[in-house]
Amino acid sequence: MPEDFAVVVDDRGAVLVWSAGAGRLLGYGPEEVVGRPAARLLAAELPSALRHHLAAGEPWTSDLALRTRDGDRVTAHLRGTPLADSDGRTPWVVTPAAVRYPAGPTDAAPAELWDLTLAQLPLPVAVYDREARFVACNQVMSRAMGLTQEEMRGRTLWEIYPSPPLDEIDRLQRQVLRTGETVFREEQPFRASGEVRDHAWSVYISPLKDRAGEVQGLSALVIDITEQYWARRRLAVLNDAGLRIGRSLDVTRTAEELAEVAVEGFSDYVTVDLLESVAQGQEPQPAPPDKPVVFRRTAQRSVIPGCPESVVAVGDTDVYPPGSPPAQALITGQGAHYRMGDPQLRDWLTASPARAESMRRYKIHSLMLVPLRARGITLGVMHLLRHRTADPFGQDDLVLAEEIAARAALSIDNARRYTRERHTALTLQRSLLPERLPEVPALDLAYRYLPAGAGEEIGGDWFDVIALSGGRVALVVGDVVGHGVHASATMGRLRTAVRTLADVDFTPDELLTRLDDLVLRLDRERGSEGEGTSGEVGATCLYAVYDPVTGRCDLARAGHPPPVLVTPDDTARILDLPAGPPLGLGGLPFESVRIDLAEGSLLAFFTDGLIETPDRDRDIDVGLELLSEALRRPGADLEEICDEVLRKVRPDPSADDIVLLLARTATLGADRVRSWQIPADPAAVAGVRRAASEQLAAWGLSELDFATELIVSELVTNAIRYGSLPIQLRLIRADVLICEVSDGSNTAPHLRRARSFDEGGRGLLLVAQVSERWGCRQSSVGKTIWAEQLLP
């Protein structure tokens, strides 16, 4: 304290006189202070003992927390002396409090030296009588309590300072008087009546006995263990950080955990700002020293609910100007702590009026900036601020914050890498799945695909809808064993294979047999040379083909959950299909089942992630029952039914991928299908052409008359010439015009280029030229040649 420090305050609390020493200490000139409230100079509330003396108009000595012009906080030990004027008012003169110890003679007797030792002991000591009432104390205790010995004499500790935890100390004093045994108590931090900051105290309460061993009173020795308390607290915070930070592979959640630990441990307000590239899951780039740095506010936490100190909302972006303290922390990778008066910090704050106003309003007096570095790369900056805690940040706090930030940064970087890899895998997987379902007249379709929940690797679930010849539609749902990129790649290969095999028009059981062979080959490729299959590649699959002309559906499954059928009368049942072995076992047969579906029936295909729980504590039958109940919504839109299924059956994020594919059947009535039986006579071709032309006229498709007559003529002629009975022509008006010619022969035609002088071999070439697409499919009784034309 400057020796010439002196301030005079009137009875209304306004400054009357301001000395040069006060100006040097706090940085204010007389013109900034005189005539204004002295309360503006305070950085904390007045101690309770001081308020008592002011109210009584008595002299006082106490610590005061003062705020400098630059916003710093200083603690001064001051004495206030009341003055009297002629009007009866009481101004106060405030000066430094001098600590005076009683001066004893150099040849003092041992008893006097003992008294001097107690009086000048640097630890607070107090003596109480047999009724636990105050008798005497040394000067350090008097200063801590903010009261003189005369003011405390004859009163119990609770009467002197009725505030916890002194009620517990008062009880322990009476226990010592009763038992005659010393008690040690380590207290949590609290603020004594004459203090402006919290201290942690250890209290020794010892009995005072006479020669006969009778307890005549007690002594209380208090030791300030604030530094030890904070050291243990820092270790506890560090341990807490290790347990709580990085429990999930989510960047935002990890940043929130870091902010929570810091606020609960040693800060009043914390923000976590990550570089924009890091927040997006990309590789962080070094911060340029001469350009603004773009960051995203990822998390923040405050001891005040709602974080009113914030000037940047969570999720918003902002910039650090070049040369600002946060930008320097990013560039250098070194943390630092500041007080509000530091010139470098002041320039950054004044550049943002909103930030400067927040600092002033909430009386933030100390700031610490700690970069988040992992694997030699800076990911962002953590800001720690204090306004409720009296002490500014120190070097020990910086070391602790850097240790916590290092742990958190590693977790954030792991989460960022995981997010990037997961995003890549999801992009790969989604690129292998249908971007949209085809529009087919035979079915009303809807689907949901949900990748595995956060923290889980993606799986290999897939689905597909394939338009087949004759207006038929193939529905596929599958699940590759395992998770990760390999599962997604295998899924893509299987989906491609299913589409290729479906175009050949294999029956469901034949298709699964050939798909099983493919999975075996893929598994051998994964295995080591000479060791056969690896056992790492496997899958389940459900394949169904629906024919809207007959209303029939052929299904086969390979270890996959069976579909659920909801009939038009709102009856739900699980289809009883032969299970079949999973794909990849080899050598075991698959079996197809044919069912008749009424128009408006609903088929639900799904993967096991929908009906199972991660820990499998729910029986699959329970999941199937919930699914059946959610599907029974007569007349509801399929999109609404999908949402209802996910709400009822799978309300929580799944540990596995989920596929749900819904198909509501429709039929092509007799007015849209026409067929003719044809004799094995070439003369019948002309009559068949006329019949087809008349049917096109009835459907209003005369524009297709020429091409259709050509297709019918060529296909029927080939069937009569090269095929066998029975021969049939069928025209189907769906979303395209389909012309089919069936015969009893299994010999498939081949498109070839005829030579210049060949009399035949051009029929299928002409069919391919005038149709949109054509093909051949085998059946149990022969083959069918088909061609499709777009409707005008």
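Specify whether the C-alpha gyration tensor of region 196-352 places it in the rounded, prolate or oblate class, a ≥ b ≥ c being the square roots of the eigenvalues: rounded for a/c under 1.5, otherwise prolate if a/b is larger than b/c and oblate if not. Prolate, since a/c reaches 1.5 and a/b exceeds b/c. Fraction of C-alpha pairs exceeding 18 angstrom in region 328-408: 44 percent, rounded to a whole number. Annotation: for a label point projected 7 angstrom from Cα along Cα→Cβ of T90, residues of region 35-65 with backbone N closer than 19 Å are 38-39, 46-63. Rounded, prolate or oblate for region 7-96? Axes are the square roots of the Cα gyration tensor eigenvalues, ordered a ≥ b ≥ c, and the cut-off for rounded is a/c under 1.5. Oblate, because a/c is 1.5 or more while a/b does not exceed b/c.
Overall, region 7-96 carries a charge dipole of about 180 debye about its Cα centre when +1 sits on the Cβ of Lys and Arg and -1 on the Cβ of Asp and Glu, all other atoms neutral. Let a ≥ b ≥ c be the square roots of the eigenvalues of the Cα gyration tensor of region 110-224; is it rounded (a/c under 1.5), or, if not, prolate (a/b larger than b/c) or oblate? Oblate.
The mean sequence separation of alpha-carbon pairs under 8 Å and at least six residues apart, normalised by the residue count of the chain, gives a relative contact order of 7 percent. Taking the number of Cβ atoms within 10 Å of each Cβ as an exposure proxy, the fewest-first ranking of S779, S202 is S779, S202.
Take the chain, mark every one of the GluC sites (Glu not before Pro) that falls in a DSSP loop and has at most 16 other Cβ within 10 Å, then report the longest stretch left between them, sites excluded.
By the stated rule (loop sites, at most 16 other Cβ atoms within 10 Å), 215-434.
The packing ranking, built from the mean of other Cβ atoms within 10 Å per residue, places the peptides 557-563, 142-148 in the order 557-563, 142-148, highest first. With Cα atoms defining each centre, region 48-86 and region 236-273 are spaced 39 Å apart in the structure. To the nearest 10 degrees, how steeply does helix 110-120 sit against the main Cα axis of the chain, on a 0 to 90 scale? Helix 110-120 sits at roughly 40 degrees to that axis.
Based on the convex hull around the alpha carbon atoms, the chain presents an average projected area of 58.6 nm².
Taking the longest Cα principal axis of the chain as reference, the axis of helix 251-265 is set at about 20 degrees.
Could you list the trypsin sites (Lys or Arg not before Pro) in region 307-385 that lie in coil according to DSSP, counting only those with at most 11 other Cβ atoms within 10 Å of their Cβ? Please list the in-between numbers first.
Numbers: sites: R339, R346, R355, R360, R361, K363, R373, R375; in loops: K363, R375.
When the trypsin sites (Lys or Arg not before Pro) of region 307-385 are filtered for loop state and at most 11 Cβ neighbours within 10 Å, R375 remain.
The C-alpha atoms of the chain define a longest principal axis, and helix 166-179 lies at about 60 degrees to it. Looking at region 173-236, the trypsin sites (Lys or Arg not before Pro) that sit in a DSSP loop and have at most 12 other Cβ atoms within 10 Å of their own Cβ are R211. The stretch between V303 and L725, if pulled fully straight at 0.36 nm per residue, gains 143.0 nm over its current Cα-Cα span. Got a sec? Charge dipole of region 110-224, +1 on Cβ for Lys and Arg, -1 for Asp and Glu; which of P164, G180, L113 is way out at the positive end? Positive-end residue among those listed: G180. Ranking V549, L372, V593 by how far each Cα lies toward the positive end of the dipole of the chain (charges on Cβ) leaves L372 at the top. Subtracting the Cα-Cα distance of V399 and E214 from 0.36 nm times their residue separation leaves 61.4 nm of extension gain.
Counting only Cβ charges, +1 for Lys and Arg and -1 for Asp and Glu, the dipole size of the chain around its Cα centre is about 1020 debye. For the pair D652 and Q149 in one chain, pulling the backbone fully straight at 0.36 nm per residue adds 174.4 nm over the alpha carbon distance.
Report the FRET efficiency, 1/(1 + (r/R0)^6), for D735 and Q695, where r is their Cβ-Cβ distance and R0 is 22 Å, rounded to 0.05. Calculated transfer efficiency: 0.80. Dividing the helix sum by the residues of the chain, where each DSSP H run of 4 or more adds -39500 (n - 2.57), gives a mean residue ellipticity at 222 nm of -10500 deg cm²/dmol. Dipole of the chain (Lys/Arg Cβ +1, Asp/Glu Cβ -1, origin at the Cα centre): which of L218, V270, V622 lies farthest to the positive side? Working it through, the farthest residue towards the positive pole turns out to be V270. Residue order for C541, C642, C776, fewest other beta carbons within 10 angstrom first, comes to C776, C642, C541.
Quick note: the coordinates plus some simple rules give every number you see, no bench work behind them. If you're wondering where the values come from, they're calculated on a predicted model, not measured in any experiment. Quick reminder, even Gly has a Cβ in these numbers, built from the backbone with ideal geometry, and neighbours come from all protein chains shown.
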